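Only one structure is covered here, and it is reproduced in the block below.
The values are calculated or read from the model by the stated rules, or taken from the named source; none is laboratory data. This one's a predicted model, so the numbers in the text were calculated from it and none came from an experiment. Every residue, glycine among them, receives a Cβ derived from its backbone with ideal geometry; neighbour counts consider all protein chains shown.
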């Protein structure tokens, strides 16, 4: 029998922690942080197509594997590809 991993429900604290990480990562690029935040809000509100929003998001946070992994919790059903190097 295959075992499925159960994802814990995200809390507001989890969201704040992730966004704090994004803000700290891009502290010298405030426009990039604002774009990431806007994309998350627009995807959640269905104002933009999820796939194109995710593509833009992964491009923005490219080179930051922890942020890419964290994004999987916000968008669990999304098809996110994280390079093998980034998982280390």
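Computed values, structure above
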item	result
Residue in the stretch 17-58 that is surrounded by the fewest Cβ atoms within 10 Å (Cβ to Cβ), counting only those that are in contact (Cβ under 8 Å) with a residue 24 or more places away in the chain and within 14 Å of residue 73 (Cβ to Cβ)	21
Test: residue 5 is at pLDDT 85 or above, more than 14 Å from residue 75 (Cβ to Cβ) and not in a helix (DSSP H, G or I)	no
Search result, residues across the stretch 41-81 that are under 23 Å from residue 16 (Cβ atoms), modelled with pLDDT under 85 and not in a helix (DSSP H, G or I)	75, 76, 77, 78, 80
